[in-house]
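S.K.: The structure's right below; bear with me while I get my questions together.
The values are calculated or read from the model by the stated rules, or taken from the named source; none is laboratory data. Because the structure is predicted, anything quoted here is derived from the model rather than measured. Cβ atoms come from the backbone with ideal geometry, glycine included; neighbour counts cover every protein chain shown.
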Amino acid sequence: MNTENETKTCVDCKNEFTIDSGDLNLYEKVGLKTPSKCFDCRMKQYAKEEYEKLKTQIISDMEKRGEYGEFFPYSFGTGPYNLTNGILYFPNTTKEEVLKNGGYWSEEDLSQTDGTPSSSLPDSIFDTPREISSQALICPETQYRFNISEAEYEFHKHKGFALPRLHFDKRILNKIKKITNIKTYPYKCFYCQKNINAYYPPEWGYQKIACEECYKQNIA
């Protein structure tokens, strides 16, 4: 974290300007470069004729580079693509594709072995000692290390729930998996047998899928 201000020279007017430490941390946090122009030059107001001329020139340059009308490039991303929501919606995106388009890809290994396998926890919370909240657990699927807080332990014991076996990130991914599918599949309405499309892959095993009309009549 930056604790000191930064002084720079404006590329337009050549005057010095200062970026305070708070702004520097903000730029760094969201993945933006620090400005190369002072505030006055960045906020410069143009006459209508000059504005239209610059606008036409900018659009022309972007069209030559094949950028105009396209989404922001991967290089504008604030972090590795495989750690963003994008990979949830487009899981077949490869590292090669992302790097080719100027993006970033994380290969950091977050797996751990120093801890207790969570798969060895008792099936009943009442057989699980309170001391588990002071131990590191290892997720059997991701090998990530996680902990159970005392508050979590008390909540699960109050409800009679067994403690989670998976790392929090994996649990969340499993939950949102069903809302990130953007492909439809053909089905027949369970009630009227009308042909319909639904966002449920066959491997999910859903059998009773209704059309909108039958859903309103029989379920809603």
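S.K.: Would you confirm, using the coordinates I've provided, whether residue 81 is within 25 Å of residue 179 (Cα to Cα), of a type in the set (Phe, Trp, Tyr) and touching a helix residue (DSSP H, G or I) at 6+ places or on another chain (Cβ under 6 Å)?
M.R.: Yes; evaluated as a whole, the condition is true for this residue.
S.K.: Out of everything in segment 121-137 that is of a type in the set (Asp, Glu) and part of a helix (DSSP H, G or I), what residue ends up being farthest from the chain's Cα centre (by Cα)?
M.R.: Ranking the qualifying residues of segment 121-137, first place goes to 127.
S.K.: Just to be sure before I move on: is residue 167 surrounded by 13 or more Cβ atoms within 10 Å (Cβ to Cβ) and in contact with a strand residue (DSSP E or B) (Cβ under 8 Å, 6 or more places away or on another chain) in the structure I sent? Steps first, answer last, please.
M.R.: Numbers: surrounded by 13 or more Cβ atoms within 10 Å (Cβ to Cβ): yes; in contact with a strand residue (DSSP E or B) (Cβ under 8 Å, 6 or more places away or on another chain): yes.
Yes; evaluated as a whole, the condition is true for this residue.
S.K.: Among the residues of segment 201-215, is any closer than 22 Å to residue 87 by Cβ, at pLDDT below 95 and hydrophobic (A, V, I, L, M, F, W, C)?
M.R.: For segment 201-215, residues closer than 22 Å to residue 87 by Cβ, at pLDDT below 95 and hydrophobic (A, V, I, L, M, F, W, C): present.
S.K.: While we're looking at this one, here's another question. If you take the residues in segment 4-51 that are outside any helix (DSSP H, G or I) and among the basic types (Lys, Arg), which one is nearest to residue 81 (Cα to Cα)?
M.R.: 33
S.K.: Kindly indicate which of 113, 128 is more than 27 Å from residue 88 (Cβ to Cβ), in contact with a Leu (Cβ under 7 Å, 6 or more places away or on another chain) and among the polar types (S, T, N, Q). Walk me through how you get there before you give the answer.
M.R.: Values: 113 fails: in contact with a Leu (Cβ under 7 Å, 6 or more places away or on another chain).
Only one candidate passes the filter, namely 128.
S.K.: Which number in (1) in contact with a strand residue (DSSP E or B) (Cβ under 7 Å, 6 or more places away or on another chain); (2) surrounded by 10 or more Cβ atoms within 10 Å (Cβ to Cβ); (3) over 27 Å from residue 81 (Cα atoms) marks the one condition that residue 54 misses?
M.R.: (1)
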